[in-house]
1. Would you mind getting me the FRET efficiency between V223 and E292? Use the beta-carbon distance for r and R0 = 25 Å, nearest 0.05.
2. Which whole-number percent of Cα pairs in the chain have a distance greater than 28 Å?
3. Quick one: accessible area per residue over the chain, 1.4 Å probe, rounded to a whole number of Å²?
4. Modelled label-to-label distance, Q208 and T29, 7 Å Cα→beta-carbon offset: nm?
5. Once a ≥ b ≥ c are taken as the square roots of the eigenvalues of the Cα gyration tensor of region 188-260, is the result rounded (a/c under 1.5), prolate (a/b larger than b/c) or oblate (a/b not larger than b/c)?
6. Mind checking which helices in the chain clear 27 Å along their axis (Cα) and have mean Kyte-Doolittle hydropathy of -1.0 or more, DSSP H runs only?
7. Take the Cα of A249, step 7 Å along the line toward its Cβ, and report every residue of region 114-139 whose backbone nitrogen sits under 16 Å from that point.
8. Could you give the nm distance between label points at E99 and R256, where each point is 7 Å from its Cα heading toward the beta carbon?
Amino acid sequence: MSLTLPVTAATGACSTLRGRDLLSIRDLTRRELLALVALAADLKRQPARYQGLLSGKTLALIFEKPSLRTRVSFDVALHNLGGHALSLAPQEIGLGQREAIGDVGRTLDRMVDAIAARTFAHETVEALAQAASIPVINALSNVSHPCQALADYFTMREITGRLDGLHLAFVGDGNNVANSLICAAALVGVRMTMASPPGYEPRAEVLQWARRHASTPQDACRVTSSPEEAVDGADVVYTDTWISMGQEAEAEERRRAFAGYEVTDALLDRAAPDAIFMHCLPAHRGEEVAAEVIDSPRSVVFQQAENRVHTEKALLLALLGSEE
Ligand code: CP
Ligand code: NVA
């Protein structure tokens, strides 16, 4: 039986992604990003339509750091599509220690259909992509978290009904999650404001990329040190941990630097009256977000987490599916 994707506008627009890597949101065009979001929406609406389309496909998930959402969402997504994912912990394969990164990539290339890797150094996921001809997905590196951004923009569109012209305020660290949100905002026309303490702003090259790719100057992320200024009138208020995985030694220094950057009810009240709160999770109540915010009806964090499954499915179908 030939397994073909249902021919919809969404899957058609995703066809340029077949066989490619997703190391960064910057690997996508605006059209591809919006097509992935549209495909995820259809997958969520009518999952039965896509069942079995990746029958026999296998994905190796490599983790150098812990994960709940990324690991489970890729596993469940591929299982629902008829394929099989296997998770490889650091002690199992010893990426770059027991064995050279390139040799791991070349070996998996012969055994599975795709690799998703969560690494400390972004160069590690790049080295895997270099070594393997199969699609390699960045499942979070120190630089970016493209799979999270896909789910986040899908969630924003699902809840607000639009992306173009939406105002997203990110309060906190200019980290991997922020970097991917900034690049995607430029592509889809979301106006993003970012409040970070001095020294913790997003990377300059990320901001430059966003400026170059934004369709209007307003769509390029604006950075301030004032959470109040960033949140003023926002439709979406987003935050993430102050201490990303791998930064544990800087924990105390970071907690001091980010004092005053907690998303509280008082801060959220400066946003639009129907503003939503987002967080990629895991969250730290009493640090980057107050319990009164994350546990309130304005918080959509678990819908956001669930949506990882739908966008992971869209991504896997786009990279591994076949269309006639
Ligand atoms: N948001 C996210 O990527 O969660 P995990 O670290 O649990 O995978
Ligand atoms: N910035 C966080 C995201 C976790 C999903 C980290 O890298 O730990």
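The values are calculated or read from the model by the stated rules, or taken from the named source; none is laboratory data. Not measured: the values here are computed from a predicted model. With ideal geometry, Cβ positions are generated from the backbone for all residues, glycine too; neighbour counts draw on all protein chains shown. These accessible areas exclude ligands, DNA and RNA; they are computed on the full protein's heavy atoms, side chains included. Shrake-Rupley method; radii C 1.70, N 1.55, O 1.52, S 1.80 Å.
1. Efficiency, from the Cβ-Cβ distance: 0.40.
2. Here the long-distance tail beyond 28 Å is 38 percent of all Cα pairs in the chain.
3. Roughly 40 Å² per residue, with all protein chains present.
4. 2.5
5. Since a/c reaches 1.5 and a/b is larger than b/c, the shape of region 188-260 is classed as prolate.
6. Passing helices, by number: 301-320.
7. Inside the label zone: 120-121.
8. The modelled label-to-label distance comes out at 4.4 nm.
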